[in-house]
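Participant: I am attaching a structure below and will ask some questions about it afterwards.
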Amino acid sequence: MAYLSGKTAIVTGAAQGLGRAFAERLADEGAAVAICDIRPDVVAVGESIAARGGGVLSGVFNIARRAACEGFVADTAARFGGIDILINNAAVWRSTPVTDPWEKALEDFDAVIDVNVRAVMMMSRLVAPHMIVRGGGDIVNISTDYVLPKRREGVNAPDTDLYNASKWALNGLTDAGAQALAPHNIRVNALAMGPTDTEMLRALFKPGGKLAHLGGPDGPPAEILATFMDPADIAQLLVDLLKDGRTGENIGVWAGYPIELGPRKRWDVRMRERADFTGQPLRDFGPPPWTDAPEPVEHLAVGKPTNA
Amino acid sequence: MARLQGQVALVTGAAVGLGRQYAEALAREGCDVVVCDIRPEIVRVAEELVRLGVRAIGHVADVSKPADVRRVVDGALAEFGKIDILISNAGVWRGGDAKDPLDKSLQDYDVLIGTNMKGVFLFGRAVIPVMTAAGGGHIINIATDHVHTHPGRPTAGGSAMDLYDVSKWGVLGLTLTWAKALAPHNIRVNSFSMGATDSHMLRGFHNNAPSEADVASWMKPEAVCDLAIQLIGEGHTGRTGENIGVWVGFEIELKPVPAAKPVPVAA
Ligand SMILES: NC(=O)c1ccc[n+]([C@@H]2O[C@H](COP(=O)([O-])OP(=O)(O)OC[C@H]3O[C@@H](n4cnc5c(N)ncnc54)[C@H](O)[C@@H]3O)[C@@H](O)[C@H]2O)c1
Ligand SMILES: NC(=O)c1ccc[n+]([C@@H]2O[C@H](COP(=O)([O-])OP(=O)(O)OC[C@H]3O[C@@H](n4cnc5c(N)ncnc54)[C@H](O)[C@@H]3O)[C@@H](O)[C@H]2O)c1
């Protein structure tokens, strides 16, 4: 039996890029997938997944719209009987130099933050009750290695203040969400990765993109493409993460380094300290409720806050 | 001896709490001060600042409203012709967690992200062109120790402040990015990540009747303000892009700027 059979996963922004890779991989693992995007081609992605035999629900809507999110979550639960996994992947990247005119700054704030932060909050809030009745679940926020600068200098690009801020802001949802949902066996983690070969990244190297001087009509040249990570490898890491059972972590994925979970960053210690602090009861988290989950790895790393 | 004589400082959320203290500290150092707050008593605060021998203007303004932000910044320029220092301090707190109903969370989101993050964004973006044209400036954004904890404490303000934390992580992202973007323009951007400090907000958590022991355990606003003055006083060659931890039980001080780290080479 496939590892995720009987489970339902929502993947936002799944028309292309990482979202599509996540959806396809989760479907390959046996999950029914509910995928959405503002781009209508998400329907074709859904059809190709269905052709391989998986349960699929596709939605074309703007994730920043509350009513649409509510409808999609309700439809997903009704169609598949519950929700176990949410991958908050949809995001916009915009060049927002600090020298921009005031009116553009105002528009950019809403355009970037409504999708990259507010919609993540909305979707997470909407699925939590469904996961609670299922007795557990996983929320994975898709961040960037900008929030884990220790391995890569030059991050937090100076001309994308809002994109950068939006991804830093996700730490608040990952950290506190992991703690609030731990008693319900719901894990909240983030994948914080570097350059990955997707349409979003390639577009930067095409005419009009900020790195157009390095690329051409087809995007980046081969030597730059070779430095990008493969979305399929990130999707493998996502599956590893779901099997692992850790929570409250930003998993760093740096181009040029092995794509691996690495040792747990002592989330249990972070939880315990936090529990002492707030006077909340402790709960042992244990392995995830999936059938063939491995025993949790003993905490190996030193207790350094993930996001310091 | 005034250390910042002749400079113009803008402090948001300065009617009560830490903001008011920053404004007074800056005035004592000789700054002309522009203050704003949603509380109408901000007008009286400005009058009191004038008694310290500087010029001051108070605006009733909501930092989350673009038109209000423009009015404050344009008013400051009309009156003083420049802005050298910005302390984006206005902030609100609300509890809430991942199990909250969406209705409540969206209301909290509007207030918390609107004030704490959008307010910082708007004031920064309004003031940056002014500072760039003048050839330099200092911005201090106020975060919280939830995003930069003292050693041994995990990040986050527990399980039940997620949207407050979201807003303050966002502030950190803006700080780090602006520091990088503005270094060539002589504009320094840092943030304070502080723990419990005696303020209107903190007293409110204790039903406005904190015990003596509570108050004694908090940091004193004067110490935090003095840190801000020292930070600004470092001048154009001072640190930038630092999220400065200000923690209960630790020395309240500016650490020496660490030497530039060698760029790690990919394995
Ligand atoms: N590719 C990289 O190098 C990289 C690096 C770090 C982080 N990320 C993150 O990974 C995630 C996926 O990025 P990607 O590179 O695959 O980008 P992408 O642009 O190829 O895909 C993002 C998808 O989200 C969708 N989307 C955007 N706004 C939406 C909205 N309002 N409603 C619904 N859908 C919307 C887009 O249509 C698109 O299909 C993003 O969160 C991104 O920030 C990517
Ligand atoms: N006091 C602490 O322990 C502590 C700890 C960490 C961070 N902080 C941060 O320090 C800053 C100041 O906090 P404080 O404790 O002095 O709080 P406070 O409530 O005592 O003062 C905040 C001031 O901001 C004003 N304000 C709120 N919303 C506003 C808006 N939309 N527009 C304009 N003004 C607005 C309030 O009216 C008030 O005068 C905040 O950003 C807070 O998050 C405080």
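The values are calculated or read from the model by the stated rules, or taken from the named source; none is laboratory data. Keep in mind that what you see is a predicted model, and the values were worked out from it rather than measured. Please note: Cβ atoms are built from the backbone with ideal geometry, for glycine as well, and neighbour counts cover all protein chains shown. These area figures cover heavy atoms from the full protein model, side chains too; ligands, DNA and RNA do not enter into them. Shrake-Rupley method; radii C 1.70, N 1.55, O 1.52, S 1.80 Å.
Participant: May I ask you to derive the relative contact order of region B:8-244, considering only C-alpha pairs under 8 Å and at least 6 residues apart, and to give it as an integer percent?
Facilitator: Numbers: 435 pairs, mean separation 45.1, N = 237.
Rounded, it is 19 percent for region B:8-244.
Participant: What length, rounded to one decimal in nm, is gained on full extension from A:Q236 through to A:A2, with 0.36 nm per residue of separation minus their alpha-carbon distance?
Facilitator: Net length gain for the segment: 82.8 nm.
Participant: Using a 10 Å cut-off on Cβ atoms, rank the peptides A:166-179, A:121-134, A:11-24, A:71-84 from the highest mean neighbour count down. Intermediate values should be presented prior to the final figure.
Facilitator: On the way: A:166-179: 29.1, A:121-134: 21.6, A:11-24: 26.3, A:71-84: 18.2.
Top to bottom by mean Cβ count within 10 Å: A:166-179, A:11-24, A:121-134, A:71-84.
Participant: Using 7 Å Cα-to-Cβ label points, what is the A:D110/A:A212 separation (nm, one decimal)?
Facilitator: Reported label-point gap for A:D110 and A:A212 is 2.8 nm.
Participant: Continuing with the same structure: Ignore the peptide's own chain and count Cβ atoms of other chains within 10 Å of each Cβ in B:122-132; give me the average, rounded. Could the numbers behind the result be given before it?
Facilitator: Working: counts 4, 0, 3, 12, 2, 0, 4, 5, 0, 0, 2.
Counting Cβ atoms of other protein chains within 10 Å of each residue's Cβ and averaging gives 3.
Participant: For a protection proxy built on the mean count of beta-carbon atoms within 10 angstrom, sort B:156-168, A:215-227 highest first, please.
Facilitator: Details: B:156-168: 27.2, A:215-227: 13.2.
Output ranking for B:156-168, A:215-227: B:156-168, A:215-227.
Participant: Given 0.36 nm per residue, what is the gain on full extension from A:A78 to A:E47 after removing their alpha carbon distance, in nm?
Facilitator: Numbers: separation 31, 0.36 × 31 = 11.16 nm, distance 1.97 nm.
Fully extending the segment from A:A78 to A:E47 adds 9.2 nm.
Participant: Moving to a separate point now. Of A:K167/B:K180; A:K167/B:K168; B:K118/B:K168; A:K167/B:K104; B:K65/B:K168; B:K180/B:K220, which sit over 21 Å apart, Cα to Cα? Numbers along the way, then the final one.
Facilitator: Values: A:K167/B:K180 17 Å; A:K167/B:K168 12 Å; B:K118/B:K168 11 Å; A:K167/B:K104 23 Å; B:K65/B:K168 18 Å; B:K180/B:K220 31 Å.
Distance filter (> 21 Å) returns A:K167/B:K104; B:K180/B:K220.
Participant: May I pose another question? Highest first, please rank the peptides A:182-191, A:103-112 by the mean number of other Cβ atoms sitting within 10 Å of their residues.
Facilitator: On the way: A:182-191: 24.1, A:103-112: 17.1.
Output ranking for A:182-191, A:103-112: A:182-191, A:103-112.
Participant: Let me ask something additional. Sort A:H213, B:H150 from largest to smallest accessible area, using a 1.4 Å probe on the heavy atoms of the protein chains. Show your work: numbers first, answer last.
Facilitator: On the way: A:H213 140, B:H150 50 Å².
Ranked from most to least accessible, the order is A:H213, B:H150.
Participant: Within 10 Å of each Cβ in peptide A:90-99, how many partner chain Cβ atoms are there on average? Round it to a whole number, please. All intermediate terms of the calculation are to be shown ahead of the outcome.
Facilitator: Values: counts 0, 0, 0, 0, 0, 0, 3, 1, 12, 6.
For peptide A:90-99, the averaged partner shielding equals 2.
Participant: Separate question: Show me the helices of chain B, taken as full DSSP H stretches, that run 24 Å or more along their long axis by Cα and average 0.0 or above in Kyte-Doolittle hydropathy.
Facilitator: Length and hydropathy pass: B:162-182.
Participant: Semi-axes, largest first, in whole Å: what does sqrt of 5 times each Cα gyration tensor eigenvalue give for region B:21-147? Could the numbers behind the result be given before it?
Facilitator: On the way: eigenvalues 161, 53, 37 Å².
Three semi-axes, in Å: 28, 16, 14.
Participant: Given the rule -39500 (n - 2.57) for each run of at least 4 DSSP H residues, summed and divided by the residues of chain B, what is its mean residue ellipticity at 222 nm, to the nearest 500 deg cm²/dmol?
Facilitator: Working: 9 runs with 109 residues, N = 267.
Value at 222 nm, helices only, nearest 500: -12500 deg cm²/dmol.
Participant: Going toward the positive end of the dipole of the protein assembly as shown, with +1 on Lys and Arg Cβ and -1 on Asp and Glu Cβ, which of B:A23, B:A216, A:P40 do you reach last?
Facilitator: The residue sitting most towards the positive pole is B:A23.
Participant: About the Cα centre of region B:92-144, what is the dipole size in debye to 20, counting +1 per Lys and Arg Cβ and -1 per Asp and Glu Cβ, all else neutral? Before the final figure, lay out the partial values.
Facilitator: On the way: 5 positive and 5 negative charges, 36 e Å.
Roughly 180 debye, rounded to the nearest 20.
Participant: What FRET efficiency, computed as 1/(1 + (r/R0)^6) with R0 = 25 Å and r the Cβ-Cβ distance, is obtained for B:A223 and B:E48, rounded to the nearest 0.05?
Facilitator: Working: r = 21 Å, r/R0 = 0.86.
Given R0 = 25 Å and the Cβ-Cβ separation, E is 0.70.
Participant: What are the equivalent ellipsoid semi-axes of region B:1-64, built from the alpha-carbon gyration tensor (square roots of five times its eigenvalues), in whole angstrom, biggest first? Write out the running numbers ahead of the final one.
Facilitator: Values: eigenvalues 72, 22, 17 Å².
Each semi-axis is the square root of five times an eigenvalue, giving 19, 10, 9 Å.
Participant: Residue by residue through B:177-187, how many Cβ atoms from other chains fall within 10 Å of the Cβ on average? Please list the in-between numbers first.
Facilitator: Numbers: counts 15, 6, 2, 8, 9, 2, 1, 1, 2, 0, 1.
Taking the mean over all residues of the peptide, I get 4.
Participant: State, to one decimal in nm, how far the label point of A:R39 lies from the label point of A:T99, with both points 7 Å from Cα in the Cβ direction.
Facilitator: 3.1
Participant: Let me ask something additional. Could you point to the residue in A:A51, B:I232, A:L170 farthest towards the positive end of the protein assembly as shown's charge dipole, with +1 and -1 charges on the Cβ of Lys/Arg and Asp/Glu respectively?
Facilitator: The one lying farthest along the dipole's positive direction is B:I232.
Participant: If you place +1 on the Cβ of every Lys and Arg, -1 on the Cβ of every Asp and Glu, and leave all else neutral, what size is the dipole of region B:8-244 about its Cα centre, to the nearest 20 Debye? Before the final figure, lay out the partial values.
Facilitator: Numbers: 22 positive and 27 negative charges, 96 e Å.
Using Cβ point charges on Lys, Arg, Asp and Glu, region B:8-244 gives about 460 debye.
Participant: Return, for the Cα atoms of the protein assembly as shown, the radius of gyration and Dmax in Å, separated by a comma.
Facilitator: Rg then Dmax for the protein assembly as shown, in Å: 23.9, 79.
Participant: Stokes-Einstein at 4 °C, 1.567 mPa s, Kirkwood radius from Cα pairs: D for region B:8-244 in µm² s⁻¹?
Facilitator: Working: Rh = 17.9 Å.
D, rounded to a whole number, is 72 µm²/s.
Participant: Net charge near A:V43, counting Lys/Arg +1 and Asp/Glu -1 over other residues with Cβ under 14 Å of its Cβ? Mind showing how you got there, number by number?
Facilitator: Numbers: positive: A:R20, A:R39; negative: A:D37, A:D41, A:E47.
Value of the local net charge: -1.
Participant: Provide, for q = 0.18, 0.30, 0.31 Å⁻¹, the log10 of I(q)/I(0) from a solvent-free Debye sum over equal Cα point scatterers in region A:32-81.
Facilitator: -0.53, -1.12, -1.15
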